[in-house]
1. Within segment 42-57, identify whether any single residue is surrounded by 13 or more Cβ atoms within 10 Å (Cβ to Cβ), in contact with a strand residue (DSSP E or B) (Cβ under 6 Å, 6 or more places away or on another chain) and at pLDDT below 90, and answer yes or no.
2. Which ones in segment 3-19 are assigned to a loop (DSSP other than H, G, I, E, B) and within 11 Å of ligand 2 (Cβ to nearest atom)?
Ligand SMILES: [Zn+2]
Ligand SMILES: [Zn+2]
């Protein structure tokens, strides 16, 4: 999968594993602004190694039910 912002292959900055979403889950596009993406390998918020974009800011304080 490519990073939505820098067009490089999306690699987790934390563990250096390439991010590959499960087939069928992200066919609409890589990223939706309100969706946090976790690395399946290290379970951390995914950060693009190439451009540093964070796929899900730390917004827990703002989360409303
Ligand atoms: Zn990772
Ligand atoms: Zn990127």
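1. The answer is yes; a qualifying residue exists.
2. Those that are assigned to a loop (DSSP other than H, G, I, E, B) and within 11 Å of ligand 2 (Cβ to nearest atom): 3, 4, 5, 6, 7, 8, 10, 13, 19.
The values are calculated or read from the model by the stated rules, or taken from the named source; none is laboratory data. These numbers were taken from a predicted model, which means no experiment stands behind them. Ideal geometry is used to build each Cβ from the backbone, glycine not excepted, and the neighbour counts take in all protein chains shown.
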